[in-house]
Amino acid sequence: MSEHTKAPVPASGTVHWIGAGLSTGSGLAAVCDTAARVRLWHRTEERAAEALAGLGLAGRAEPRALTLPALAAEVAPGDVVVSMLPAPEHAALLRVCVERRAHFACSSYVSDAVLDLVPEAAAAGLVVLTEAGLDPGIDHLFAHSLIARAEQEIGAGTLAEVRLTSYCGGIPAVPNDFRYRFSWAPLGVLNALRSPARYVEDGTETTAARPWEATRPHVIDGETFEVYPNRDSVPFVAQYGLPAAWEPMAFVRGTLRLDGWLRAWDRVFEELKAGDDATIAALAGELAAAYPTTDEDRDRVVLAVSLEVRPGSGETWSGRYLLDLEGTKEESAMARCVSRPLALGVRRILADALPAGLNRAAETAPRSEEWLAELAGEGLEFSLTTSA
């Protein structure tokens, strides 16, 4: 333990779940099963109560109207604040946690604003759990598990070429003409496409200024999808602990879409190339109205993480994890896949089982195997195939 990191503040047993949007599902019920007390914070107390009733949790959590002052007034030392809000809002919640000596958890990537607060949180003995959802989250668990299995077969010190791809997408279970329905903020979807993507291809770091222009077919068990890189994949070479003797020839973390998506979105791409922020925001509103996810729709989540390790001599090892889940009337696939791993992480915080400071869902292979076993035991279905 670092000299700047205290032992974690003992968990109080109280959880503040912030937000009840499309990614809040049975994970909240799991938290209600574990925590001594749960409060659901939403835009209004009435909306929070309606969300609890819709999830079958009326009476099991207390509805609250969210404002930062109201939250700060109720958060006590050792409480756990779980953010289901957009990533730009996490830092303000973490600041409340630091001031009130509470732990923090979310399913999002670590933003610079959150990272800036981590040293202060660690010094106060607070757990900051991030990347504990679907993507990021389960994808990390799969990758750590595959790399550890390959190391056992090939050897970490063996010179080898490596190809790792990790593609995830929330798609309609029944394809529509647009090849997509919005299961999270449309503006966030469009802005993600406006951000350059960095990845490894043919052994070289490559940047796609317009990620959709790097779209290619990707076949999974005979079904063709379209995939493209997103964000910055390169730092994950180190985060996943890829052995130094293994040379990444391909290393891509990206997004998966239905076959035909690139063609169906042609008009959107033209707007993204030419439009300013105001134009893109207007387009997001238009698309949200035209292609919403309704109560009648069923979504589908597909996450495929594949690893191939080819040594200079000997047999090539390959492995793949596949999660392919369709939503039900009771719960969307996206809500289940995001909220269940997050609830598992919250359970760890409540049990005082995570160290103070920054934690991600998957940081070691043993922890990944442990979390995957628990998720499988709770009914989250996925498959592993390996070959040599």
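The values are calculated or read from the model by the stated rules, or taken from the named source; none is laboratory data. From a predicted model like this one, the values you see are computed outputs, not experimental measurements. Here the Cβ is made from the backbone with ideal geometry for all residues, glycine too, and neighbour counts use every protein chain on show. Heads up: the accessible areas ignore ligands, DNA and RNA and are worked out on the full protein's heavy atoms, side chains in. Shrake-Rupley method; radii C 1.70, N 1.55, O 1.52, S 1.80 Å.
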| note | Going through (1) open to solvent by 30 Å² or more (accessible area, probe 1.4 Å); (2) in a helix (DSSP H, G or I); (3) of a type outside the set (A, V, I, L, M); (4) touching an Asp or Glu at 6+ places or on another chain (Cβ under 8 Å) one by one, GLU151 fails only at (4)
| message | Exactly one condition in (1) more than 16 Å from ASN359 (Cα to Cα); (2) in contact with a strand residue (DSSP E or B) (Cβ under 7 Å, 6 or more places away or on another chain); (3) acidic (Asp, Glu) is false for ASP139; which is it? | response | (1)
| field | Residue among GLY241, GLY203, GLY260 that alone is of a type outside the set (Phe, Trp, Tyr), open to solvent by less than 60 Å² (accessible area, probe 1.4 Å) and in contact with a Lys or Arg (Cβ under 8 Å, 6 or more places away or on another chain) | value | GLY260
| message | Can you say whether VAL96 is under 22 Å from HIS140 (Cβ atoms) and either at pLDDT below 95 or not in a loop (DSSP other than H, G, I, E, B) (or both), as far as the supplied structure shows? | response | no
| task | Can you give me the ranges of the strands (runs of 3 or more DSSP E) entirely in segment 298-388 with at least 2 residues that are of a type in the set (Gly, Ala, Ser) and open to solvent by 30 Å² or more (accessible area, probe 1.4 Å)? | result | 383-387
| query | Got at least one residue in segment 58-68 being of a type in the set (A, V, I, L, M, F, W, C), within 23 Å of the chain's Cα centre (by Cα) and within 23 Å of ALA335 (Cβ to Cβ)? | reply | no
| remark: Residues of segment 178-196 being farther than 18 Å from ILE280 by Cβ and modelled with pLDDT of 95 or more, in sequence order, are ARG179
| Of everything in segment 224-238 that's touching a residue at least 24 places away in the same chain (Cβ under 8 Å) and open to solvent by 50 Å² or more (accessible area, probe 1.4 Å), which residue is farthest from GLU151 (Cα to Cα)? | THR224
| task | For ALA250, indicate whether it is modelled with pLDDT under 95, open to solvent by less than 60 Å² (accessible area, probe 1.4 Å) and within 24 Å of the chain's Cα centre (by Cα). | result | no
